[in-house]
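Working notes for the structure below.
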Amino acid sequence: MRIVVLVKPVPDPGEERLGDDGRLDRSVTAVINGNDEYVLEAALKLVEAHGGDVTLLSMAPAGVTDPIRKALAMGATRAVLVSDPTLAGACSWSTTQVLAAALRTLEYDLVLAGADTSDGGGGIVAAGVATLLALPYLSHARRIEPLDGGVRVERLSAAGHDVLEATLPAVVVGTQLLGEPRYPSLRGIMGARAKEIAVRTLAEIGLADRPVGGAHATTALRATRQPAPRGSGRVVRDLDPVAAASAIVDFLVERRAI
Amino acid sequence: MVAASALGRLTDDQRAIRDAVRTLARERVAPRAAEIDRSAEFPEDLRVLLAEQGILGLPFPERHGGLGADLLTVCLAIEALSAACATTGLILAVQVLGALPLLLAGSEEQLGRFVPALASGRDLVAFALTEADAGSDAAAIRTRAVRDGETYVISGTKRFISHGSVASLVTVFAVTDPEADRHRRISAFVVETASPGFTVSRLEHKMGIRGSPTAELAFDEVRVPAANLLGAEGDGFGLAMRTLDRSRPGIAAQAVGIAQGALDVAAAYAGQRRQFGKVIGEFQLVQGLLADMDARTEAARQLLYTACEEIERGAPDAGRWSALCKLVAGDAAMAVTTDAVQVLGGYGYLDDFPVERMMRDAKITQLYEGTQQIQRLVIARALLAHKP
Amino acid sequence: MGGGIWVVGEVDAAGALTKLSGEAATAARALGEAGSREVTGVVVVAEPDGAAASLAAFLSTVLAVRAPEMADRAASAVVAARIVALAAAAQERPAYFVLGATPDGRDLAGMLSVLLEIGVLVNATGLTWDAAADGVPAGPRVEMQPFGGRVLTSSGFTGECGIILLRPNMVTAEPLAEPGSVEERTPGEVLDLPPVRVIERVVTESPGPSIEEARVIVAGGRGVGGPDGFAGLRELAGLLGGAVGASRAAVDAGWIDYATQIGQTGKTVKPAVYLAFGVSGAIQHKVGMQTAETIIAVDRDPDAPIGEFADLFVVADLAAVVPALAAALRARAG
Ligand SMILES: Cc1cc2nc3c(=O)[nH]c(=O)nc-3n(C[C@H](O)[C@H](O)[C@H](O)COP(=O)(O)OP(=O)(O)OC[C@H]3O[C@@H](n4cnc5c(N)ncnc54)[C@H](O)[C@@H]3O)c2cc1C
Ligand SMILES: Cc1cc2nc3c(=O)[nH]c(=O)nc-3n(C[C@H](O)[C@H](O)[C@H](O)COP(=O)(O)OP(=O)(O)OC[C@H]3O[C@@H](n4cnc5c(N)ncnc54)[C@H](O)[C@@H]3O)c2cc1C
């Protein structure tokens, strides 16, 4: 099974900030988006069990390769990085166009993506990619199982889960329940240097003259504010349980919560 | 981690490996450290983890299933592990120590026979030189190996053997020719611990590195194939010394790791603990302690990295470099962990915080693989040999 | 008057309109009034009548589309195709869509974005209407709180169209004085998006109040110690009229369901009161709850990071505090 995993380098969660231009400050250490690690793990398990290989596909500035190397070290076979100066400030619509165009240049049976991204991504890109490529779209997966020529997914629902099936190729979006990602082994880390990260420009994926990228963003940041600081908290300690409980009740009353 | 030093001098691979081991140490090893110390049980789970992640394969050649890493890379891994748990760092350090005689003097046949299981981490190997009455004076060992046809028969008792009770292989130093010159009496053998006549006769109760089993090994006419002799008869002492030249940086790395671990705890604590209406980190006397701890740790680290580079490039005074780095790092670890306890005050003396464990662990780095006094002898000998 | 605003209603497992759909409708109505745009509800499900009528409580016009294949098809492709067809057939193409920021809402937004070639703003916490100014066209202004609320942003669309995903509990749903009307529609020329079959729908939980909608959340972490510990938290949640949430550590341990997980890879919540027991407050947890109005934490470790952003931090053993608090609340309730 040939699997493409969409991976997004994101700022280390908790460290994100916006630059003066209102765009994400990319100087912060980049890591693989947490949700993408779960689907990468699922992809690696699938190829371990059923054969095949895993290609990483990412749209990111050319310098941001550490997270991609890490994903290669976990066991992916190769990586394709779409990188173009005009993509800085791209909106989700552009990102969708770019990833779909890049996928048109690759061979695959399955495309996997993480549920959403920690830098404010809304978990909408993969659905658009599937739609542009006219592929079945299965989201919110807690389990992915290959069938003969198809895929079965357990999709989380509000009340439990739905069992979905579709033909391959398909796009599947996964959640944390797919399982804890592995640590890259040292052999993987040393081997990752030799693996290919193919950098593609917009022209190379056939989008040279298309209205994608920062200049064509469909959305625009108008203003930012800092949230009002939380007043410094009250700390109570060394109380017996009853006194601690009544401290909580008093506080709830004070805040008009009960 | 306070320090992210040595960035410039490390290769991309070294940096990536250090970071990966650091992550593993923080997420998987550190949470186990207190329990390993309390129970004094060998952390088999962490051995498996180090094996799975390829960490135990670092020092072995690629053609036998290892990663072929250089000495500095191995030391970076030991350092990162030891910052979380000195016992776990020692798993790799002892694997290096036990395997070095084989790697330095083993034939291709012997390497092919023993190394793959070591590189995969399936088997551990111990290093058995010390005896009850032969510590610093290693040439005075009494364990005998007597040739009998295609085998040697080994008899005697080894003491203080790290991993002696958990290893599958032990590199044993034994006297093959009692009549020979002091430094030609001894030969080295690879002994499988499954051999009849091999027993673990006791396990020591220790002050620190409590999860690392230190065993007394009894050899009661243990028969070893002659094919397990490393190098030629009489090569053993020289091989032991060449081994220590390359293995002592591993102990220095353990020491630097322990020191860094203690410094990190102390610095974090100093930023939170309040007395006299201030965080104690605002008191200059506390700042002085922290600054000295950092300076000592960093100096030891840089000396260690230089020593690794010198040894790796085949410097003629490799023995001096390895003694220098172990001497400086062992003393740094002891001083820094002692000061870390000081920064934490009474809390540092409780097992609620890791610094008292780190202080107990640090002490061993001044003792094994040659005491600090022996390191000084080695250094002085090198200096005096160069005198015209 | 420019293009209208469409609100796509979502239904729960029982086929009833979700609370969030009412909130989205209310928010869209305010937008419509401010921007003089017509606001229309759309419900596409197998049996739309009930849900469409519910949505008409909030909107003067609701289009009900019967999509029988949704009984055994994954929703997003079916709904997206119908909406595109409806929009094409409408007298005036809708300019804006307001959807709930739910898994289904996200799926639908991703598809509509490429089918209609319009942008998306996700996880809105507030909506207002901006008049045209300085070369920026009139349109919705969308408030968001990315990075776990460490910064507040407001954004708009560059073209005069777009999709907004609204987070739960940001708006109080307010019905119209007079309910609106439901018109059944059967769009022709429906796109053929690749089908995804639903083989089985497995119901494992009694759908209680979802944590995203709860006003009070009683959350437990590793410190709760096991599934039994969560029984105590459930009692507290019951007494406070809230829902139980959890940290990832508690979910990973199997003590409680993933649906209750709060944080980076779980849900983002903004309750009036967040009561945390034995949750250390790791950054990945914090990003899911730090915009709660009031945060109360009970932890025996005085250095737990949650102490740094809790409004009330009780350093104590939760095993003793939970029953004492339950007793105190019962006593108050009389
Ligand atoms: C936990 C632990 C693990 C160990 N693991 C191993 C192992 O895996 N394999 C192995 O072979 N050994 C191992 N050892 C043994 C260790 O290497 C020896 O303990 C060490 O070499 C010192 O020997 P000793 O204990 O006999 O001390 P001694 O040699 O009796 O020394 C006592 C004191 O005299 C000093 N001294 C001795 N000779 C001189 C001299 N010439 N000049 C100045 N001072 C001198 C020493 O520095 C020390 O202060 C281990 C020891 C310990 C405690
Ligand atoms: C990619 C990624 C995504 C993640 N996503 C999420 C996410 O969505 N949500 C999430 O929560 N985490 C997430 N995490 C995990 C997160 O980093 C933490 O590991 C997790 O939040 C810790 O859960 P905890 O606070 O329950 O456990 P701990 O950090 O172990 O804290 C337990 C707390 O309980 C206290 N305690 C113990 N016993 C008692 C007692 N008897 N009385 C009082 N207090 C007690 C302890 O002092 C401690 O503070 C993610 C991690 C990664 C890497």
Per the 1/(1 + (r/R0)^6) rule, R0 = 56 Å and r from the Cβ atoms of B:Glu312 and A:Ser246, FRET efficiency to 0.05 is 0.25
Sorted by chain and then number, the residues having a modelled amide H within less than 5 Å of the amide H of A:Asp25, at least 5 places away or on another chain, are A:Arg17, A:Leu18, A:Gly19
What helix-only [θ] at 222 nm does chain C give? Using -39500 (n - 2.57) per DSSP H run of at least 4, over all residues, to the nearest 500, the answer is -8500 deg cm²/dmol
Along segment A:190-200, Karplus-curve 3J(HN,Hα) (6.51, -1.76, 1.60; θ = phi - 60°) to the nearest Hz, with x for Gly and Pro, reads 5, x, 4, 4, 7, 7, 7, 10, 7, 8, 10
Percent relative contact order for segment C:12-74, counting Cα pairs under 8 Å at least six residues apart, stands at 34
From DSSP H assignment alone, runs of 4+ in chain A each adding -39500 (n - 2.57), the sum over residues rounded to the nearest 500 puts [θ] at 222 nm at -8000 deg cm²/dmol
For chain B, longest principal axis from Cα atoms; helix B:372-386 axis from its Cα atoms; angle between them, nearest 10 degrees, is 70
Contact order relative to length for chain A, counting C-alpha pairs under 8 Å separated by 6 or more residues, stands in percent at 24
To the nearest 20 debye, the protein assembly as shown has a Cα-centred charge dipole, built from +1 on Lys and Arg Cβ and -1 on Asp and Glu Cβ, of 1680
Percent of all alpha-carbon pairs of segment B:47-181 at distances over 21 Å, whole number, is 46
Along the dipole axis of segment B:12-119 (charges at Cβ: +1 for Lys and Arg, -1 for Asp and Glu; origin at the Cα centre), the most positive-end residue among B:Val29, B:Ala69, B:Ala119 is B:Val29
Under a Gaussian network model of chain A whose springs join Cα atoms within less than 10 Å, the largest fluctuation of A:Pro241, A:Pro229, A:Pro146 belongs to A:Pro241
Rounded to 0.05, the calculated FRET efficiency for the beta carbons of C:Ala16 and C:Ala90 at R₀ = 30 Å is 0.70
Once amide hydrogens are built 1.01 Å from N within the peptide plane, the residues lying 5 or more places from B:Phe127 or on another chain with amide H under 5 Å from its amide H are B:Ser162, B:Thr171
Simple spin-label estimate for B:Arg202/A:Arg225, 7 Å along Cα→Cβ, in nm, reads 7.5
The size of the Cβ-based charge dipole (Lys, Arg +1; Asp, Glu -1) of segment A:2-216 about the Cα centre, to the nearest 20 debye, is 360
As straight-line cross-link partners of B:Lys326, the qualifying aspartates and glutamates (C-alpha separation under 17 Å, not fewer than 8 residues apart within one chain) are B:Glu79, B:Asp245, B:Glu298, B:Glu309, B:Glu310, B:Glu312, B:Asp317, B:Asp361, B:Glu369
The set of residues whose placed amide H lies less than 5 Å from the amide H of A:Ser157, leaving out same-chain residues fewer than 5 positions away, is A:Asp162
Expected integer from the mean partner chain Cβ neighbour count at 10 Å over C:99-106 is 4
Taking segment C:5-185, the whole-percent share of alpha-carbon pairs separated by over 21 angstrom is 44
For the protein assembly as shown, whose charge dipole is built from +1 on Lys and Arg Cβ atoms and -1 on Asp and Glu Cβ atoms, the candidate among C:Ala53, C:Phe230, A:Gln226 with its Cα farthest towards the positive end is A:Gln226
Between the Cα axis of helix B:71-84 and the main Cα principal axis of chain B, the angle (0 to 90°, nearest 10) is 50
Relative contact order of chain B (C-alpha contacts under 8 Å, at least 6 apart) in percent is 16
Quick calc, B:Val146 & B:Ala117: beta-carbon distance into FRET formula, R0 25 Å, rounding 0.05, result 0.35
Measuring from the longest principal axis of the C-alpha atoms of chain C, the long axis of helix C:75-89 (C-alpha) lies at a number of degrees, nearest 10, equal to 30
Of every hundred units of 1.4 Å-probe accessible area on segment A:1-146, the number belonging to carbon and sulfur atoms, as a percent, is 46
Kirkwood Rh for chain B from C-alpha pairs, in Å, is 21.2
For the protein assembly as shown (alpha-carbon point model, no solvent) the Debye-based log₁₀ I(q)/I(0) at q = 0.06, 0.10 Å⁻¹ works out to -0.53, -1.18
For C:239-247, B:48-56, ranked highest to lowest by mean beta-carbon neighbours within 10 Å, the order is C:239-247, B:48-56
Regression test value, accessible area per residue of chain C, probe 1.4 Å, units Å², expected 39
Taking A:His140, C:His285, B:His183 and ranking on accessible area (1.4 Å, protein atoms only), highest first, one gets B:His183, A:His140, C:His285
Highest GNM mean-square fluctuation among A:Leu110, A:Leu239, A:Leu57, for chain A with Cα springs under 10 Å, belongs to A:Leu239
Output row, site B:Ala385, 7 Å Cα→C-beta label point, backbone N cut-off 18 Å, window segment B:317-342, residues B:317-327
Computed over the Cα atoms of segment C:75-116, the Rg and Dmax in Å are 10.0, 30
Heavy-atom accessible area per residue of segment B:237-385, all protein chains kept, 1.4 Å probe, expressed in Å², is 42
In whole Å, largest first, the alpha carbons of segment B:125-234 cover along the principal axes 41, 29, 21
Heavy-atom accessible area of segment B:40-88 with neighbours in place, 1.4 angstrom probe: carbon+sulfur share in percent works out to 45
In the structure shown, of A:Lys8/A:Lys70; A:Lys8/C:Lys267; A:Lys45/A:Lys195; A:Lys45/A:Lys70; A:Lys8/C:Lys19; A:Lys70/C:Lys270, the pairs separated by more than 24 angstrom at the C-alpha atoms are A:Lys8/C:Lys19; A:Lys70/C:Lys270
GNM on chain B, Cα springs under 10 Å; top mean-square fluctuation among B:Gly319, B:Gly345, B:Gly57 goes to B:Gly345
Subtracting the Cα-Cα distance of C:Thr61 and C:Leu176 from 0.36 nm times their residue separation yields 40.3 nm
If N is the residue count of segment C:216-333, its Cα Rg over 2.2 N^0.38 Å rounds to 0.94
With only helices counted (DSSP H, runs n ≥ 4, each -39500 (n - 2.57)), the per-residue ellipticity at 222 nm for chain B, to the nearest 500, works out to -17000 deg cm²/dmol
Mean accessible area per residue over segment A:4-74 (1.4 angstrom probe, all protein chains present, square angstrom) is 37
Taking a crude spin-label model, label points 7 Å out from Cα along the C-beta direction, the A:Asp209 to C:Trp129 distance in nm is 4.0
For the pair C and A, the solvent-accessible area buried on both sides (1.4 Å probe; DNA, RNA and ligands excluded), in Å² to the nearest hundred, is 6700
proj_area_mean for segment B:287-388 (convex hull on C-alpha atoms), units nm², value 7.4
Each label sits 7 Å from Cα toward the beta-carbon; between B:Glu35 and A:Thr167 the label points are separated, in nm, by 5.1
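The values are calculated or read from the model by the stated rules, or taken from the named source; none is laboratory data. A quick note: this is a predicted structure, and the numbers were derived from the prediction, not measured. Reconstructed Cβ throughout: ideal geometry from the backbone, glycine too, with neighbour counts over all protein chains shown. Keep in mind that these areas ignore ligands, DNA and RNA; they rest on the heavy atoms of the full protein, side chains included. Shrake-Rupley method; radii C 1.70, N 1.55, O 1.52, S 1.80 Å.
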